[in-house]
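The values are calculated or read from the model by the stated rules, or taken from the named source; none is laboratory data. Source: prediction; values computed, not measured. A quick note on method: Cβ atoms are made from the backbone with ideal geometry, for glycine too, and the neighbour counts reach across all protein chains shown.
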Amino acid sequence: MIVTMQPAATLKEITGVIRVLESFGASPSISRDCGCTLITAATSKVPIDAQQVRSAGGVRDVHEDAHPFKRVSRDYHPEDSVIDARAARFGGGGFTVIAGPCAVENEEQIHTIAAHVAAHGAKGLRGGAFKPRTSPYAFQGMGVPGLRLLRDAARANKLAAVSEVMSIDQVADCVEHLDVLQVGARNMQNFDLLKEVGKTDKPVLLKRGPSSKIEELLLAAEYIVDAGNPRVVLCERGIRTYETATRNTLDITAVPVVKQLSHLPIIIDPSHAAGKREYVYALTLAALAVGADGVMVEVHPTPAKALSDGRQSLHFEEFERLMEDVRRQSEFRASVSV
């Protein structure tokens, strides 16, 4: 429920409405829009009596819930959220690039990649320490030692460290070493994990599941925010369709749809969407053009020797070219949005 107060509503009247909402078990929050105070009641143990709320002093209008998600809805939070994580900023009109290998392999590899992507404008360093793999025989990651290597490489190059957390018992280690906790596509509806990362104060990068609707992605984000952590960045990484030319089908329309429905920032992962490095350049520029808040791309000095997802990883030279055009197009986007 969204309660719009009169522009001249007093503090006593606003407090009175809050008390009414709380009497139904709701947890109200306050924001401002067009000179009016908005009081939102995102959850409630019992149905809220709208007529009782309307009869309270200072109330101009009452809107019933339009979406099953509440706290991540733009109705409840009209302004765009901006999420900061060290050098990385998501939202606010910028375009942030996270880059790095699919998996942390050794100290030399991750430091070499970190130095290169930082030198060419990346603000975040990605790298898997815990790897969810389809085959049990594939490289599963280095675990906690990989987190430490990623953290050290990120710190040395003033980057935000980003890596995936796969289970509740990994959360403490990830909080200790990372700047952004990534919840992967396979875990988008692991609700116990969502609640656990929601108890932390670390930004959470939440990837869309391969067969999930946009509404389901936003409801997954709702779990995190409802648990107490509002610092969520959404990630569109492609969905599973009948098409086999690419690894997944990038749903580029998810960006404007999410922007309309939610205040949370959203980035694109073109590497996992395409599965082939030759498409990453075009999909990155498409993400920028459609209004995404950034991208996360995979980069490796020798992709043919990568222990994971080498086929979709950019060579260093390809990443340099990509970043040159990202800079140019970002400047153009900023100029036309003024």
Looking at 99, 85 in this structure, which one is out of contact with any helix residue (DSSP H, G or I) (no Cβ under 7 Å at 6 or more places or on another chain), aliphatic (A, V, I, L, M) and surrounded by 13 or more Cβ atoms within 10 Å (Cβ to Cβ)? 85
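Only one residue in 143, 124, 100 is of a type in the set (Gly, Ala, Ser), in contact (Cβ under 8 Å) with a residue 24 or more places away in the chain and either at positive phi or not assigned by TED's automatic domain parsing to the domain that holds residue 313 (or both). Which one? Talk me through it step by step, then tell me what you get.
Numbers: 143 fails: in contact (Cβ under 8 Å) with a residue 24 or more places away in the chain; 124 fails: either at positive phi or not assigned by TED's automatic domain parsing to the domain that holds residue 313 (or both).
After ruling out the rest, the residue left standing is 100.
Among the listed residues 4, 37, identify the single one that is surrounded by 16 or more Cβ atoms within 10 Å (Cβ to Cβ), at pLDDT 85 or above, touching a helix residue (DSSP H, G or I) at 6+ places or on another chain (Cβ under 7 Å) and not in a loop (DSSP other than H, G, I, E, B). Explain how you work it out, then say what you get.
Numbers: 4 fails: touching a helix residue (DSSP H, G or I) at 6+ places or on another chain (Cβ under 7 Å).
Within the list 4, 37, the selection yields 37.
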Per the filter on region 191-234, residues farther than 13 Å from residue 262 by Cβ, of a type in the set (A, V, I, L, M, F, W, C) and outside any loop (DSSP other than H, G, I, E, B) are 191, 193, 194, 197, 204, 205
Being in a helix (DSSP H, G or I) and among the small types (Gly, Ala, Ser) narrows it down to one of 146, 141, so name that one. 146
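With respect to residue 68, is the statement that it is closer than 17 Å to residue 231 by Cα, not in a strand (DSSP E or B) and not assigned by TED's automatic domain parsing to the domain that holds residue 225 true?
Numbers: closer than 17 Å to residue 231 by Cα: no; not in a strand (DSSP E or B): yes; not assigned by TED's automatic domain parsing to the domain that holds residue 225: yes.
When the stated conditions are applied, residue 68 does not pass them.
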If we keep only residues of region 125-149 that are farther than 19 Å from residue 161 by Cα and of a type in the set (Phe, Trp, Tyr), then the residue surrounded by the most Cβ atoms within 10 Å (Cβ to Cβ) is 139
